[in-house]
Amino acid sequence: MYSIAIDGPAGAGKSTIAKLVAKKLGYIYVDTGSMYRAMALACIREEVSSGDEENVVRICDDLSITISYEDDKQQVFLNGENVNAYIRTEEVGNMTSAISVYGPVREKLVNLQRQMASKADVIMDGRDIGTCVLVDANLKIYLTASSRTRAMRRYEEYRASGKECNLEEIEKDIIERDYRDMHREISPLTKADDAVLVDSSDMSVDEVVDKIIELAEKYFIKKN
Ligand code: DC
């Protein structure tokens, strides 16, 4: 099986890029953030605070997360319920970053992610894919962009979907989330030594996709 790991901070474009690369290569795209988001949604619904480690861990221990694909799109199920429509909010994003610091929460999902990579060729994105989940990935990318660029992208996504939002607040949230993801004790977001750094601040989506395909061809895919 082949695997490509893409790590990087929030809003760097990981999922957009990974989906397109997956399509071009015929790989499965695994969005690990959405698995953590489904767990965070469960905690929000149970009205537990992110600082209450004991209850967060208990809730996450008891629930089941499963993944399936419909028209190539990843669907996340929380105890059998498809929760894709509820996990993309700022509230869930912030809760996710806060609860993903706990070891037992991570362990459960890391096992699921490794199982998925053992069954199919995957391109997997997250924060710890190259450093923890798939340390032997055939290609590792650390995708980043300036916090302003990332905030602008989120802002435009929200506006396009008709949501009210404020650019300064989005950037502040992004900076806080990056700090937490990069400074947690277990599996902090960091570039793996053997990852290729790609800064997408001044690159179009197509340029980033082409760059990754080029790297995949250089690293492990034979051109016919
Ligand atoms: O990629 P995302 O924005 O959907 O991720 C939401 C949060 O989930 C992120 O702030 C940190 C956490 N996360 C993680 O800790 N490890 C991963 N592999 C993926 C996401």
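Name every residue in region 86-111 that is within 23 Å of ILE17 (Cβ to Cβ) and at pLDDT 95 or above, in order of residue number.
If the condition is that a residue be within 23 Å of ILE17 (Cβ to Cβ) and at pLDDT 95 or above, then ILE87, VAL92, THR96, SER100, LEU109, VAL110 are the ones that fit.
Out of region 1-28, which residues are within 25 Å of ASN94 (Cβ to Cβ) and either open to solvent by 50 Å² or more (accessible area, probe 1.4 Å) or more than 12 Å from the ligand (Cβ to nearest atom) (or both)?
Result: THR16, ILE17, LYS19.
State the number of residues belonging to region 176-204 that are in a helix (DSSP H, G or I) and surrounded by 15 or more Cβ atoms within 10 Å (Cβ to Cβ).
Counting residues in region 176-204 that are in a helix (DSSP H, G or I) and surrounded by 15 or more Cβ atoms within 10 Å (Cβ to Cβ) gives 4.
Somewhere in region 182-195, is a residue more than 26 Å from ILE4 (Cα to Cα) and either of a type outside the set (Val, Ile, Thr) or touching a residue at least 60 places away in the same chain (Cβ under 8 Å) (or both)?
No, region 182-195 has no match at all.
Out of SER146, SER68, SER118, SER49, I need the residue that is touching a Cys at 6+ places or on another chain (Cβ under 9 Å), surrounded by fewer than 18 Cβ atoms within 10 Å (Cβ to Cβ) and among the polar types (S, T, N, Q). Which one?
SER49
The values are calculated or read from the model by the stated rules, or taken from the named source; none is laboratory data. These figures come from a predicted structure and were not determined experimentally. So basically every Cβ, Gly included, is an ideal-geometry build from the backbone, and we count neighbours across all protein chains shown. Quick note on the areas: whole protein, heavy atoms, side chains included, nothing else; ligands and nucleic acids left out. Shrake-Rupley method; radii C 1.70, N 1.55, O 1.52, S 1.80 Å.
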